[in-house]
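What follows is a set of notes on a single structure, which appears directly below.
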Amino acid sequence: MSDSLRARCDLDLTFPFHHETHPADRLMRVASWMREQGLGGEAYLTGASVDRLESRMAELLGKPAAVWFPTGTMAQGVAARLHCEASGDNRLALHPTSHLALHEEEAHVHLHGLETLGMGEWSRTLRSDDLPAAAGCAFIELPQRHNGGALPSWDELVALKALAVSRGIPLHMDGARIWGLPEAWPGHDWPEICDGFASVYVSFYKDLGASGGAVLAGDTDFIDAARLWLARMGGRLVSAWPMVPDALYALEHRLPLLPRFVEQARRIAADLGDCPGVSITPDPPQVNMMHVRLDCDVATAEAARDAAAEATGVWLGNRFWHFDADPVPALEIAIGERALAADPARIVAAIREMSAFLQGDQSTSA
């Protein structure tokens, strides 16, 4: 990645996707909002802002209780541990693209003593017939990040939930990017989507752009046990600001924008049309993210991105996902405030420039 080239671009689509780009600006905004809301200092996650956030999330997700965690990795490890302990089965069923399988250094194995049980195929979303005959818990990521934010059909999700009940397998939702799901399944709200899941994890920093933090929601006894493990794992922070008040701000100010984020993602994909050497996954996007896949190696993909940045002033992304199981480089684009405010034609033009570069590169090679 060329930092100087990225700095010259006037439209940067990289994380955290929103208008605030400097931490000092965020701190000033959080401080102002805390005063406006009457939120002050709190110690060890006991206070008005934490109570307000946990209550809001329990209601929003349709669960009896919720507990705040400083990281999703901690929250999901605790969820897996508790469900497997209750089931008397230490096998944790994971899709091959699960965050736990790819990005957590096998924390569920080394910290919680669990065994990974694979289910499903890398290239597609989970189906009900992927569910194992038995497991201590099965994790379902909605949407599946490494499939570009793809989702099963509503009927398939219902069938998966029903089969899990019949087999006595508790389901946990990795809902890191849950916020766009009602746009993917019109007529189904978050409580209905979360119904049938024994627990649900959501992130506040990914799509909503808060400074960090996560929530785990579920039954009261489960959350009481999770709160105990939060303390045992060092997550009972002496002070949770700016993360907790920042999450409350994001829920109030950015959550209402999610339908427009999703609409913009779909508009970009629809306007792209035929683009040799480049494809969108899924097409059309189901939430506010998509993967732009390039039919080349990573070095060529990076050169194509740089050429697009030079030609259009649009920086599409810092890195390309590239795994042995899915060797085609994929650039992740998530729509937030910056992409929403931009002319979608500029983003389309940048992607088309990558296609043009690939065709020229292939012609040169030939």
Identify, from the list Ala135, Ala214, Ala150, the residue that is buried (at least 22 other Cβ atoms within 10 Å of the Cβ) and touching a Phe, Trp or Tyr at 6+ places or on another chain (Cβ under 8 Å). Ala214
Can you name the residue in segment 238-279 that is open to solvent by 40 Å² or more (accessible area, probe 1.4 Å) and aromatic (Phe, Trp, Tyr) and is also nearest to Gly47 (Cα to Cα) among such residues? Trp241
Return yes or no: is Ser49 open to solvent by 20 Å² or more (accessible area, probe 1.4 Å) and in a helix (DSSP H, G or I)? no
State whether one or more residues within segment 231-241 are under 30 Å from Glu353 (Cα atoms) and either in the same structural domain as Ala176 (by the TED database) or modelled with pLDDT of 95 or more (or both). no
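Condition check ((1) over 20 Å from Pro16 (Cα atoms); (2) in contact with a helix residue (DSSP H, G or I) (Cβ under 7 Å, 6 or more places away or on another chain); (3) open to solvent by 30 Å² or more (accessible area, probe 1.4 Å)) across all residues:
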residue	(1), (2), (3)
Asp283	yes, yes, yes
Val287	no, yes, no
Met290	no, yes, no
Arg319	no, no, yes
Ala325	yes, no, yes
Pro329	yes, yes, no
Arg346	no, yes, yes
Ala356	yes, no, yes
Looking at Asp271, Asp306, Asp297, can you tell me which residue is under 15 Å from Val328 (Cβ atoms) and of a type outside the set (Val, Ile, Thr)? Asp297
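Tell me whether segment 7-16 contains one or more residues that are open to solvent by 60 Å² or more (accessible area, probe 1.4 Å), more than 19 Å from Ala250 (Cβ to Cβ) and hydrophobic (A, V, I, L, M, F, W, C).
Yes: one or more hits.
The values are calculated or read from the model by the stated rules, or taken from the named source; none is laboratory data. Bear in mind that the values here come from a model prediction, so they are computed numbers and not experimental data. Reconstructed Cβ throughout: ideal geometry from the backbone, glycine too, with neighbour counts over all protein chains shown. Heavy atoms of the whole protein, side chains included, go into the accessibility calculation; ligands, DNA and RNA do not. Shrake-Rupley method; radii C 1.70, N 1.55, O 1.52, S 1.80 Å.
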